[in-house]
Amino acid sequence: MFIEINDVNKQYNDKENRPVDVLKDINLSVEKGQFVSILGPSGCGKSTLLSIVAGLTKTTSGEIQIDGKTITKPGKDRGMVFQQAALFPWLTVMENVTFPLKKEMKKKDAEETALKYLQMVQLGKYISHYPHELSGGMQQRVAIARALAMNPETLLMDEPFGALDEQTRTRLHGQLENIWTETKKTILFVTHSISESIKLSDRIIVMGTKPGIILQDITVDIPRPREEHKKEMLEIEDHIMKYLKKEIDKVVSEELQYANSH
Amino acid sequence: MQTAIKRIIFFAAIIAFWEIGSRLELWHPLIFPSLSSVFSALVEGFQDKTLIYDLIASFKRLAVGLTISLIIGTLIGILLGKSKTADETLGAVILALQSVPSIVWLPIAIMWFGLNEKAVIFVTILGGTFVMALNMRTGIKNVSPLYIKAAQTMGATGVDLFTRVIFPASIPYVVTGSRLAWAFAWRALMAGELLSTGPGLGYTLRYASDFGRMDIVIGVMIIIGAIGMIVDQFIFQRIEKSVIKKWGLES
Ligand SMILES: Nc1ncnc2c1ncn2[C@@H]1O[C@H](COP(=O)(O)OP(=O)(O)O)[C@@H](O)[C@H]1O
Ligand SMILES: [Mg+2]
């Protein structure tokens, strides 16, 4: 297997300094080139899991291997896209996308590479703009181009379209599918939207909360483009809803308890 | 536009009151000279080049003092922003020193360097350094963790991470720090010059006062105020505005 997540546990300390299980016994194998969604209610540890794969966060126990190598720190073999575009405002679009290439490439090559990926996200005309001159959706596309420019084997995406409006999101879903078909990256895609995960991925990992565990591993083998298979998509949605309902109820009742006790 | 009109009317009223009051001799010219005599004193000063020499001398000291204070301030700020131990020890001292008016350092400066150019520049440096250091420190502490995480996933670490991400991300604070350092250094320089030897705007101010030339005193004060305002409004505030916009810090 390409990505191997083995018995990963993560604890954080709460306000009273007591350890809290955020991730518990996470085991997951992902094949090369697979598009895997990680789906779960907010607070279940999706971002924490992705951040561990990125090498930005350490596990409490357990380890992750990619292509047989244990992850200890961030690396250019894993590109990351966050919910906020996280572009550097002092750099132009072109300079942002060449940021990861500065050390290993000549300027001209870096710019050629950057342009290729900017064209892939249809922003070839915006290379000399600054991030503040772009809409949220465009910024997110630049962030995707920036992650792709390093030519990583794995693309980690943490609710990348979560802050965008419905129309923009739908358009970017289409673009991401095309990019994935074209580049054959392995994608770990975090989302809390059931329909988004069904629309995009080969496989959905459903997570439960407190502690964060894997509830279900669902294979989605609906042919693409999936818009033409509404019925099958709804069936899977119903199936996932059943599992998640319990989890969402758990979150809601906890929040109510919290609200009542304060 | 509205504001501009209000301002013009306001200043016109002050100028009219000033000139008419002087002509009607509502106050003695030795207490407060007329606008026209201040104006002619300034014209005379520029014609015989004394004010020009003063301006050049003051700006030379300011350029040296401010440059050094920006460099030292930036370095101290980086140290405080990056090292917790330095922040907890040196940081507390800098914070305390910042509340000491810089002219208070002049007696020490005179004992170290004598009553000369060096002493005045020393006071100017101290005027700008601490405020620059504190702003630089805040800038570094306030860099969005998201920028750092994003940069790390793109392979940036150590010095590379600092020069390519952390420092540029804190530029808005560098600009604010520089603006305040300029304002503080300018005040410190004028105070220092008042007490030292010429040429210089501050020195001429005291010299004119000693000889009872109120027209020159008021004229030089107007120059000092105008320079302070022009540099602040037309240079620093403009840079600050465009940086805030570009860095996406507008609320
Ligand atoms: N640095 C941290 N320190 C303490 N608790 C944290 C930290 N990061 C995340 N958590 C907690 O871990 C849980 C999971 O967070 P996260 O991974 O962001 O969830 P998700 O992305 O699924 O919404 C949350 O309860 C959150 O409060
Ligand atoms: Mg999250």
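The values are calculated or read from the model by the stated rules, or taken from the named source; none is laboratory data. The shown structure was predicted, so the numbers you read here are calculated from the model rather than taken from an experiment. Here Cβ is always computed from backbone atoms with ideal geometry, including for glycine, and neighbour counts include all displayed protein chains. These area figures cover heavy atoms from the full protein model, side chains too; ligands, DNA and RNA do not enter into them. Shrake-Rupley method; radii C 1.70, N 1.55, O 1.52, S 1.80 Å.
On a per residue basis, segment A:149-211 carries 34 Å² of accessible surface, using protein heavy atoms and a 1.4 Å probe.
Within a straight-line Cα-Cα reach of under 17 Å, B:Lys149 can be paired with the following lysines, leaving aside sequence neighbours fewer than 8 residues apart in one chain: A:Lys46, A:Lys58, A:Lys73, A:Lys76, B:Lys82, B:Lys141.
Tally up the carbon and sulfur contribution to the accessible surface of chain A as a whole percent, 1.4 Å probe, everything protein left in place. Numbers along the way, then the final one.
Numbers: 6360 of 12790 Å².
In chain A, the share of accessible area belonging to carbon and sulfur is 50 percent.
Set the Cα radius of gyration of segment A:66-111 against 2.2 N^0.38 Å, with N its number of residues, and you get 1.41. Computed in the context of the full set of protein chains, the accessible area of segment B:144-251 at 1.4 Å probe radius has 66% of its extent on carbon or sulfur. Just give the residues from segment B:114-151 buried by at least 30 square angstrom of accessible area in the all-chains context relative to the isolated chain, probe 1.4 Å, and say none if nothing qualifies. Going by heavy-atom accessible area, the residues of segment B:114-151 that drop by at least 30 Å² are B:Leu146, B:Tyr147, B:Lys149, B:Ala150. Here's the list of lysines a cross-link from A:Lys231 could span, going by alpha-carbon distance under 18 Å and ignoring same-chain residues fewer than 8 apart: A:Lys199, A:Lys242. Magnitude of the charge dipole for segment B:38-246, about its Cα centre and with charges confined to Cβ atoms of Lys, Arg (+1) and Asp, Glu (-1), is about 820 debye. Contact-buried residues of segment A:115-139, at a threshold of 20 Å² lost accessible area versus the chain by itself: A:Tyr130, A:His132 (1.4 Å probe; DNA, RNA and ligands ignored). Quick check on my link table: of A:Lys32/A:Lys250; A:Lys107/B:Lys84; A:Lys102/A:Lys185; A:Lys103/A:Lys185, which ones sit more than 31 Å apart, alpha carbon to alpha carbon? Pairs exceeding 31 Å: A:Lys32/A:Lys250; A:Lys107/B:Lys84. Scaling the Cα radius of gyration of chain B by the globular reference 2.2 N^0.38 Å produces a ratio of 1.25.
Please find the FRET efficiency linking A:Ser42 to B:Asp87, where r is the Cβ-Cβ separation and R0 is fixed at 30 Å, and quote it to the nearest 0.05.
Once rounded, the FRET efficiency stands at 0.30.
Legend: residues A:Glu104, B:Glu25, sorted from most to least accessible area (1.4 Å probe; ligands, DNA and RNA excluded), read B:Glu25, A:Glu104. About the centre of its Cα atoms, segment A:138-248 shows a dipole size close to 160 debye [charges on the beta carbon of Lys, Arg (+1) and Asp, Glu (-1) only; nearest 20 debye].
Within the same chain, lysines fewer than 8 places from B:Lys49 are excluded, and of the rest, those with a Cα less than 20 Å from its Cα are B:Lys60. The B-A contact accounts for roughly 1900 square angstrom of buried accessible surface, both chains included, probe 1.4 angstrom. Each of B:Phe59, B:Gln152, B:Val243 was placed along the dipole of the protein assembly as shown (beta-carbon charges, centred on the mean Cα), and the one lying farthest toward the positive end is B:Phe59. Considering only B:Ile230, B:Leu189, B:Val175, the residue lying farthest towards the positive end of the dipole of segment B:173-242 is B:Val175, judged by Cα position with unit charges set on Cβ.
Please report, ordered by residue number, every helix of chain B (full DSSP H runs) that is 27 Å or longer along its axis going by C-alpha atoms and whose mean Kyte-Doolittle hydropathy reaches -0.5. All intermediate terms of the calculation are to be shown ahead of the outcome.
Values: long enough: B:2-23 (32 Å, 0.90); B:50-82 (48 Å, 1.52); B:117-141 (36 Å, 0.96); B:171-194 (34 Å, 0.77).
Going by DSSP H runs, the hits are B:2-23, B:50-82, B:117-141, B:171-194.
Over all Cα atoms in segment A:1-58, the spread is summed up by Rg and Dmax: 12.7, 43 Å.
Largest GNM mean-square fluctuation across B:Thr163, B:Thr124, B:Thr176, computed for chain B with C-alpha springs under 10 Å, falls on B:Thr163. Annotation: amide H-H contacts under 5 Å for A:Ile38 (H modelled 1.01 Å from N, sequence separation of 5 or more, or interchain): A:Phe189, A:Val190, A:Thr191, A:Ile205. Near B:Ser34: Cβ cut-off under 12 Å, other residues only, Lys/Arg at +1 and Asp/Glu at -1. The net charge is -2. Calculated translational diffusion coefficient of segment B:1-146 (4 °C, 1.567 mPa s; Stokes-Einstein with Kirkwood radius over alpha-carbon pairs) equals 67 µm²/s.
The value given for chain A is a Kirkwood hydrodynamic radius of 19.4 Å, derived from the mean inverse Cα-Cα separation.
Put +1 on the Cβ of each Lys and Arg and -1 on the Cβ of each Asp and Glu in the protein assembly as shown; which of A:Cys44, A:Ala110, A:Ser197 then has its Cα farthest toward the positive end of the dipole? After comparing all options, I get A:Ala110.
Size check on the protein assembly as shown: the Cα extents along the three principal axes, sorted descending, read 96, 60, 49 Å.
An oblate overall shape is assigned to segment B:1-62, the ratio a/c of its alpha-carbon gyration tensor axes (a ≥ b ≥ c) being 1.5 or greater and a/b not exceeding b/c. If the elastic network links every pair of Cα atoms under 10 Å, which of A:Lys24, A:Lys250, A:Lys32 fluctuates the most in the Gaussian network model of chain A? The residue that fluctuates most here is A:Lys250. Ranked from largest to smallest solvent-accessible area, with a 1.4 Å probe on the protein heavy atoms, B:Met221, A:Met241, B:Met111, B:Met154 come out as B:Met111, B:Met221, A:Met241, B:Met154.
Once the C-beta distance of A:Glu228 and A:Lys184 is scaled by a Förster radius of 22 Å, the resulting FRET efficiency is 0.45 to the nearest 0.05. Think of each Lys and Arg Cβ as +1 and each Asp and Glu Cβ as -1; about the Cα centre, that makes the dipole of the protein assembly as shown roughly 800 debye.
Treating the angle as unsigned and between 0 and 90°, give the value, to the nearest 10°, between the Cα long axis of helix A:230-260 and the longest Cα principal axis of chain A. Helix A:230-260 and the main axis of chain A meet at about 60 degrees.
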